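Take a look at the structure set out below.
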Amino acid sequence: MAKWGEGDPRWIVEERADATNVNNWHWTEKNATPWSKDKLKSLLVGIKVEDDDVSCEVTELSKCEGEASANNRKAKLIFFYEWDIKLAWKGKLLDRKTLYEGTVVVPNLSDENDSDDLDIQVTTKNDKDGSHKVKEVMRIQGSKVIREQLAKYMTDLKIEFSQGMILPSKNDVANLKISPTNTSPQTTKKASNSVSKNVSNPLSFGVKISTKTVTDKIEFKCEGKDLYRVFTDINMIQAFMRGTCREFSAEKGGRFVYLDGNVSGEFVQLFHQNSENGFTIIELSLL
């Protein structure tokens with residue numbers, strides 16, 4: 001046992017402003033699960049997307065399994081969340097009365113993935129005439145809106161649960177003390193407002209990850225048109241990957257997802273034409 005006055009400063013509870021969690025050293029946790037379920041429902045249910053002759057809408061959050069929490073350790077905020085989400089949607093062709101139904105599954109909404117890394121699976125319940133066209137609008141445009149709403153959930157979670165997680169230390173309180181001499185009611189009020197403002201400033205969260213840019217140059221010994229097909233023909237890609245593509249749209253702005261979501265990206269630019277000397281000129285940019 002340490003002698004009086006020689007203990008670890010983290011143990012000195014009497015010098016804490018509220019006598020708890022000295023210097024924010026101990027692990028504290030807030031349950032964000034109930035709030036998250038309500039938030040996800042409000043963000044996702046009611047999403048509408050329309051094309052020239054197609055209209056789709058998310059009608060129900062039929063499954064929302066998982067948990068979320070906000071944690072403080074050594075004055076650092078850490079957020080954990082993991083959700084398995086299933087949505088019900090309806091759509092129709094504007095010139096027909098037939099209503100098509102389907103589901104949207106997001107199995108990997110977690111703190112380990114950014115919104116761009118989410119695997120969004122769109123299906124229909126039937127193969128009626130016109131269902132494919134309606135599904136494609138929901139898959140391309142609907143998935144984009146769903147990603148945006150889930151990104152908003154990630155941001156709102158950190159803002160909502162960062163408040164009050166890191167408690168003021170002894171030094172913080174000392175800096176906020178107001179001198180008792182020559183203070184009028186107006187001065188006291190102004191100082192009080194200043195204290196509240198300092199304490200309630202939004203806290204920073206997240207961590208910086210060291211990254212590097214890797215540049216590679218590869219020479220393909222084949223004709224240009226064949227190389228272009230390798231990246232834009234879904235049948236050739238699936239044969240090479242020995243699996244199916246969860247998402248693939250070979251057009252400007254279209255997304256692709258291979259290998260169970262481990263490889264994903266976006267087509268930034270697609271261009272090819274035959275030149276006068278018989279060569280095929282291609283330009284393919286992937287993000």
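The values are calculated or read from the model by the stated rules, or taken from the named source; none is laboratory data. What you see is a predicted model, and the numbers here were worked out from it, not measured in a lab. Positions of Cβ are backbone-derived with ideal geometry, glycine not excepted, and every protein chain shown enters the neighbour counts. For accessibility, only protein heavy atoms count, side chains too; no ligands or nucleic acids. Shrake-Rupley method; radii C 1.70, N 1.55, O 1.52, S 1.80 Å.
For the pair the stretch 205-267 and the stretch 93-142, the centres of their Cα atoms are 22 angstrom apart. By the scheme Lys and Arg +1, Asp and Glu -1, what is the net charge of all other residues having a beta-carbon under 11 Å from that of Ser42? In short, +2. Cross-link check: pairs Lys48/Lys158; Lys221/Lys252; Lys217/Lys252; Lys144/Lys217; Lys125/Lys152; Lys92/Lys135 evaluated at a Cα-Cα cut-off of 20 Å; pairs beyond the cut-off: Lys48/Lys158; Lys221/Lys252; Lys217/Lys252; Lys144/Lys217; Lys125/Lys152. Computed with every protein chain present, the accessible area of Ser131 is close to 10 Å² [probe 1.4 Å].
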